[in-house]
Amino acid sequence: MLKQIDELIRIRKYLHTNPELSGQEFRTAEYIYNNLKKTKANEVLKISNTGVVAVFESEKAGETTLFRADIDALPIQEENNFEYRSVIANVSHKCGHDGHTTILLGVAQNLSENPISRGKVILLFQPAEENGEGAKSALAHSFFKRLVVNQVFALHNLPGFPLKEIVIKEGVFTANVISLTVKLTGKTAHAAEPEMGQNPSVAIAKIILEANRHVNNKSIDPAFFVITAVHSHIGEEGYGVSAGLGEVHFTMRAWDKKLLSRKCKGFEKYINEVCSAEELEVAISWTQEFNSSSNSKKAIELISKVAERSNLSVSKLETPFKWGEDFGLFTHKYDGAMFGLGAGEETPALHTTDYDFPDEIILTGIEIFSQIIKEIHE
Ligand SMILES: [Zn+2]
Ligand SMILES: [Zn+2]
């Protein structure tokens with residue numbers, strides 16, 4: 001294994017240098033595909049445009065386990081000066097998916113050297129995690145329609161946690177998230193006579209205040225709910241014109257999916273009422289939905305068992321993470337879990353301009369996944 005670490009770091013740095021946005025991971029998928037073709041996978045195939053799947057199968061019947069890595073980067077300009085920095089302007093791996101991909105490629109190498117004795121292991125390199133589209137399109141692919149999966153696993157690196165620490169939580173691990181765009185159409189008028197038009201600014205102000213009224217940002221509370229205004233725009237920068245158009249965008253999150261859907265309905269009703277009172281046309285569209293990752297007791301027990309056996313420290317989270325992860329769609333459908341892998345207390349936060357995936361945790365990720373495989377397939 002140690003012999004391979006240089007090669008794995010080289011892969012991670014290659015991916016870091018050549019990031020691609022959600023849904024556009026064509027070269028990344030090609031690179032992964034070519035890499036997997038060199039392994040002893042029984043089948044390597046491309047799914048959903050930019051996704052890649054490798055199947056390792058034993059002749060003996062047994063369970064099927066799926067491991068997923070996300071492969072997309074973010075629309076963020078990298079602010080690092082190291083040699084392998086992103087060469088693509090305004091695109092970089094700021095969520096460490098370059099590292100997650102490398103870990104799963106390492107698992108593929110391991111599976112080639114140590115074939116499983118029963119069942120089937122599926123490695124899924126999933127595109128478009130960051131916009132919530134990837135898991136949905138992968139699961140809709142005919143490959144998954146003909147597949148019976150017994151359990152699924154994924155990991156996410158976690159800056160702010162000690163290097164190599166395994167972070168687990170039974171039940172909800174990441175939040176349910178959904179975003180919405182509200183577009184208002186009124187009528188412009190001379191700025192001296194706003195009464196002659198329909199200016200959407202008051203409606204937008206009311207909608208933002210209403211949103212804030214519902215915030216319950218206490219993560220310990222099962223009724224946790226956060227709605228955040230992320231963007232707004234009214235009219236043009238012309239001082240003679242009363243605005244006739246406006247829009248406001250929000251993102252919402254909650255631990256409880258039912259509570260979230262109740263909040264969505266209530267908010268939509270409020271927006272329609274305000275717009276009707278202000279005589280504005282309104283178009284509401286919902287986007288970027290993430291199901292919460294829900295971890296089964298069985299999967300969490302297995303992760304902590306193999307982590308302890310590998311002498312890794314394990315910490316149990318009190319409350320879920322507030323971010324969304326589209327792996328939630330997998331744990332909705334199959335038994336399984338997502339766990340965290342400590343990326344170092346000093347490592348910059350995910351999605352910040354100077355973040356970089358720490359190579360020291362590549363082998364830790366491979367070790368945990370490989371030990372899970374041993375437990376189920378040996
Ligand atoms: Zn991310
Ligand atoms: Zn991520």
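Readers should treat all values here as calculations from the given coordinates under stated rules, not as data from a laboratory. Every value quoted in this text rests on a predicted model; they were computed, and no experiment measured them. Here the Cβ is made from the backbone with ideal geometry for all residues, glycine too, and neighbour counts use every protein chain on show.
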Checklist outcome for this item: Inside region 90-102, the number of residues satisfying the requirement of being surrounded by fewer than 24 Cβ atoms within 10 Å (Cβ to Cβ), farther than 20 Å from Leu163 by Cβ and in contact (Cβ under 8 Å) with a residue 40 or more places away in the chain is 1
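For a quick check of your reading: which strands (runs of 3 or more DSSP E) sit entirely within region 273-378 and have at least 3 residues that are surrounded by 15 or more Cβ atoms within 10 Å (Cβ to Cβ) and more than 16 Å from ligand 1 (Cβ to nearest atom)?
In region 273-378, the matching strands (runs of 3 or more DSSP E) lie at 336-342.
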Item to check | Every residue from region 11-70 that is farther than 18 Å from Lys374 by Cβ and basic (Lys, Arg) | outcome: Arg12, Lys13, Arg27, Lys37, Lys38, Lys46, Arg68
Next on the checklist: Name the single residue that is nearest to Ser294 (Cα to Cα) among those in region 203-221 being surrounded by 13 or more Cβ atoms within 10 Å (Cβ to Cβ) and free of Cβ contacts under 8 Å to residues at least 60 places away in the same chain.
Outcome noted: Asn216
Checklist entry - With respect to the numbered conditions (1) surrounded by 14 or more Cβ atoms within 10 Å (Cβ to Cβ); (2) free of Cβ contacts under 8 Å to residues at least 60 places away in the same chain; (3) within 27 Å of Gly328 (Cβ to Cβ), which one is the sole condition not fulfilled by Val230? => result (1)
Item to check | Some residue of region 247-263 being acidic (Asp, Glu), more than 30 Å from Leu341 (Cα to Cα) and loosely packed, with under 14 Cβ neighbours inside 10 Å | outcome: no
Item to check | Subset of region 62-88 [within 14 Å of ligand 2 (Cβ to nearest atom), assigned to a loop (DSSP other than H, G, I, E, B) and within 30 Å of Leu302 (Cα to Cα)] | outcome: Ile71, Asp72
Checklist entry - Out of all the residues in region 54-89, which are within 16 Å of ligand 1 (Cβ to nearest atom), farther than 13 Å from Asp356 by Cα and not basic (Lys, Arg)? => result Ala69, Asp70, Ile71, Asp72, Pro75
Checklist outcome for this item: Residue hits (region 12-47; crowded, with 19+ Cβ neighbours inside 10 Å and assigned to a strand (DSSP E or B)) are Val44, Ile47
Checklist outcome for this item: With the first residue restricted to region 37-58 and required to be basic (Lys, Arg), and the second required to be outside any loop (DSSP other than H, G, I, E, B), Cβ contacts under 6 Å at 6 or more apart or on different chains are Lys37/Val44; Lys40/Ser112; Lys46/Val52
